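The values are calculated or read from the model by the stated rules, or taken from the named source; none is laboratory data. What you see is a predicted model; the values in this text were computed from it and never measured. FYI the Cβ positions are ideal-geometry reconstructions off the backbone, even for glycines, and counts take in every protein chain you see.
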Amino acid sequence: MSSASPLDLLQWATQHKAHIQNLTIRRHPTYGQGLYKRSSSPDSNKDDEARMFIPTSIIISLDLIFRFTEEQQELSEVIERLPKLPTLEPILTLFLLWNIYLERAGTGSKFGSYVTRLPRETWLPITWSEREISLLDIMDLSISHAVSEKRAFLHRLWERLRRGGGWFATVTWEEYILAEAWVSSRTVEAGVEGGHSLVPIIDFANHSSRPNARWFIRDGCDTEGGSGVELIVNPNVKNGEEIRIAYDFYRGSGEQLYRYGFIEDMSVEKMSKQVIVVDDGVVFRIGEGNVNDSFCDLGFLTYRNWYGVLFVTMLMRRVHLLPRYREDLKHVHSVMFGDDVQLLVQPLHQAPKTFSIPDLPSLVKTLHDSNTFLIARNTVLTTLKSIISYHHNRLLEAETRTPKERPDDIRPQVWELCLACQAQEKNLLSKAKAVLSQHLAESKPVMQQ
């Protein structure tokens, strides 16, 4: 794959009606490339306003791709070979690879200048060597299983698509996994027209939890210039300063490494913002923000997402609040869709009683209002403590297996990322275990019947 210059890419975007004011792409010492503010004049000392507008016509969204398939039969045929998947991101991957194929064949494509400028090296674990991926298992990081599973799934998908022949038969495994990494690390999750999207130029901006720029979707119905994505840079940013946006604030070290290929703060003294542990098929998202507050009152059960729902299921199964109504547990999952679910709860001192709970907060209140709550709370906290202790001990044991010095076949950046992730996840689980012990020690006696 050939490589274009940043100037070529900016010119390409401008030709397609993008508006780029006092911004440029430049090499970054750590992350390959980044977006920077530049002066409108080489002789100017004034910090000029910097902003950018990328029109919908060059934003790679599912809607744009499906419009392409109406005229490009070759692309359509490969997309139709995809199995039914829970995510549509593989369609974005195929579109990028199709444009690379066209460039390589000399045919040219609308997005050729963009795809040939994307980085040829990423730090996402799915692109690491087999030896480097094995380090995730040795260090027992939270993402080790996920990385291996994703690579195995992607390899099966790649082989399936290649068997169909056509242009995809020319796509190598290395190209396919690289395109997957681009989609994982560069898509806008709350995308234009309701889906994940790649926004050229803006996607060269690196992440910071203290961003100096923000982007938003502009609706062409009530603004001049049409619809698209606009980037606004803070007015206090100096010429030559890097432009940073916030990808998200809540992913922990492992999740940042898995999706983006970096850990924002590499200090081993820091704690991961979150760590996901799995026990008996139940997923726990242990977060820095809820270690102190939510462990005290089980308030983290009110998270209206998949993890919260699974935790409620665990609570019901292990605390045995529903010993005679275990079949009703399967209805708990529809809580996250906001359905009016009927759950039968049997407090220890009352006859069975029916509660209508449309959401998780109502369930927590129901438990809190019954004399069963403290028993349930302490049992859940004890169970959670044993799970966290188990995973914390595994990380301590993994430390003893971790090489004292970087092996020659592990790149320095990979080595540093793994060490930081291991230390930060260990520190968070250590704190969670200590806080749980404190809460259990301070629990009031259970109310006697």
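Residue-wise test of (1) of a type in the set (A, V, I, L, M, F, W, C); (2) surrounded by 14 or more Cβ atoms within 10 Å (Cβ to Cβ); (3) free of Cβ contacts under 8 Å to residues at least 12 places away in the same chain; (4) farther than 16 Å from Trp167 by Cα.
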{"site": "Leu85", "(1), (2), (3), (4)": "yes, no, yes, yes"}
{"site": "Trp98", "(1), (2), (3), (4)": "yes, yes, no, no"}
{"site": "Phe111", "(1), (2), (3), (4)": "yes, yes, no, yes"}
{"site": "Leu118", "(1), (2), (3), (4)": "yes, yes, no, yes"}
{"site": "Ser144", "(1), (2), (3), (4)": "no, yes, yes, yes"}
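Here's the yes/no breakdown for (1) modelled with pLDDT under 90; (2) in the same structural domain as Trp123 (by TED's automatic domain parsing):
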site: Gly191; (1), (2): yes, yes
site: Val199; (1), (2): no, yes
site: Arg214; (1), (2): no, yes
site: Gly225; (1), (2): yes, yes
site: Glu255; (1), (2): no, no
site: Tyr258; (1), (2): no, no
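Right, Thr116: polar (S, T, N, Q), closer than 30 Å to Asn206 by Cβ and under 21 Å from the mean Cα position of the chain (by Cα) or not? In short, no. Filtered by the rule that a residue be touching a Lys or Arg at 6+ places or on another chain (Cβ under 8 Å) and within 18 Å of His391 (Cβ to Cβ), segment 140-175 gives a lone residue, Asp140.
Pairing residues of segment 125-140 that are among the β-branched types (Val, Ile, Thr) with residues that are not in a helix (DSSP H, G or I), at Cβ distances under 6 Å and at least 6 apart in sequence or on separate chains, gives no pairs at all. Just so you know, in segment 93-131 the residues that are among the hydroxyl-bearing types (Ser, Thr, Tyr) and not in a loop (DSSP other than H, G, I, E, B) include one that is modelled with the lowest pLDDT, and it is Ser113.
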